[in-house]
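Notes follow once the structure below has been shown.
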Amino acid sequence: MNTYPSKPLPLTGMPPGIPYIIGNEAAERFSFYGMRTILTVFMVNCLWLMGDAAGERLSDAEATKRFHVFVSLVYLTPVFGALLADFLFGKYRIIMWLSVVYCLGHGALALMGLAGEAGTWMMVGLWLIAVGSGGIKPCVSAHVGDQFGKGNRHLLPRIFNWFYWSINLGAFASTLLTPWLLEWHGPHWAFGVPGILMAIATLVFWWGRWKFVHIPARGWHVLREMFSWEG
């Protein structure tokens, strides 16, 4: 990590690593919202047909319960992802490592049922996606800000406009496409296509590693400073 830039470059234009970050985030939003759109429908209508051990159709109430447990984990794990990034590993490493975990989660969802126990594979996939989200959600927007210094910080409003536009575009496209994939091509493609896009985005993010500013983790001593009563 010492070979990477550790502070913003003296630029007046757009930092070179920004497209790689935005591509990763857009693909993550596409995969997450697409999977989320079909998840309860899949659990109620398809899961019991794919070799689940229970062999019974899930009720709407049980599917809703599982869905909300998953969403709760998705919004809980970023607390731990932020701590690991800020105090131990840095944002780039956490985003990179947990993007791979995220891809493995989609792989589990795409392949579930091929070896039986579809319900087990689904839960494993959802847990992996929740853990992956914990690294991506709290770090990506902060990683964008790390790329800017005094000479180009006036571009921050513009880049965050593009950043959130890409998020909404990915979510909008996946909300339309993924239900169509589920209906016409089945759950393997419906869960697999977002996973493939996320894998491509993760590879692109890794390619951009030399173009990023890598702000070092600050270490656990920051916690002592935060809670210290000393002046």
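Among residues belonging to region 88-108 that are small (Gly, Ala, Ser) and within 12 Å of Ser31 (Cα to Cα), point out the one that is surrounded by the fewest Cβ atoms within 10 Å (Cβ to Cβ). Ranking the candidates gives Gly107 first.
In the set (1) small (Gly, Ala, Ser); (2) under 20 Å from Asp146 (Cβ atoms); (3) open to solvent by less than 30 Å² (accessible area, probe 1.4 Å), Ala82 fails one condition alone, (3). Pairing each residue of region 77-98 that is under 17 Å from Gly23 (Cα atoms) with any residue that is open to solvent by less than 60 Å² (accessible area, probe 1.4 Å) and hydroxyl-bearing (Ser, Thr, Tyr), provided the two are 6+ apart or on different chains, yields no C-beta distance under 6 Å.
When Ala26 is tested against (1) out of contact with any Cys (no Cβ under 6 Å at 6 or more places or on another chain); (2) open to solvent by 30 Å² or more (accessible area, probe 1.4 Å), exactly one condition is not met: (2). Looking at region 174-189, can you tell me whether even one residue there is within 25 Å of Met122 (Cβ to Cβ), among the hydroxyl-bearing types (Ser, Thr, Tyr) and under 16 Å from the mean Cα position of the chain (by Cα)? Yes, region 174-189 contains a residue that is within 25 Å of Met122 (Cβ to Cβ), among the hydroxyl-bearing types (Ser, Thr, Tyr) and under 16 Å from the mean Cα position of the chain (by Cα). Could you list, in sequence order, all residues of region 115-136 that are at pLDDT below 90 and open to solvent by 40 Å² or more (accessible area, probe 1.4 Å)? Correct list: Ala115, Glu117, Thr120, Trp121. On the stretch given as region 144-161, residues that are open to solvent by 30 Å² or more (accessible area, probe 1.4 Å) and either at pLDDT below 90 or within 11 Å of Glu25 (Cα to Cα) (or both) total 0.
Put simply, of Val101, Val69, Val41, Val79 the only residue that is of a type in the set (A, V, I, L, M, F, W, C), farther than 30 Å from Ala118 by Cβ and not in a loop (DSSP other than H, G, I, E, B) is Val79.
Checked against (1) outside any helix (DSSP H, G or I); (2) of a type in the set (A, V, I, L, M); (3) under 30 Å from Pro8 (Cα atoms), Ile95 passes all but a single condition, namely (1). Residues that are without any contact (Cβ under 8 Å) to a residue 24 or more places away in the chain and of a type in the set (Gly, Ala, Ser) within region 142-171 comprise just one, Gly145. In region 200-216, of all residues being buried (at least 20 other Cβ atoms within 10 Å of the Cβ) and within 14 Å of the chain's Cα centre (by Cα), the one that is nearest to Leu11 (Cα to Cα) corresponds to Phe205.
Of the residues examined, Val69 is one that is open to solvent by 30 Å² or more (accessible area, probe 1.4 Å) and out of contact with any helix residue (DSSP H, G or I) (no Cβ under 7 Å at 6 or more places or on another chain). Does Thr12 satisfy being in a loop (DSSP other than H, G, I, E, B), of a type in the set (Ser, Thr, Tyr) and within 21 Å of Asn161 (Cα to Cα)? Yes. Under the condition of being open to solvent by 30 Å² or more (accessible area, probe 1.4 Å) and either part of a helix (DSSP H, G or I) or at pLDDT 90 or above (or both), the residues counted in region 44-61 number 5.
The values are calculated or read from the model by the stated rules, or taken from the named source; none is laboratory data. None of the values given here were measured: they were computed from a predicted structure. Virtual Cβ from ideal backbone geometry, glycine too; neighbours counted across all protein chains shown. These accessible areas exclude ligands, DNA and RNA; they are computed on the full protein's heavy atoms, side chains included. Shrake-Rupley method; radii C 1.70, N 1.55, O 1.52, S 1.80 Å.
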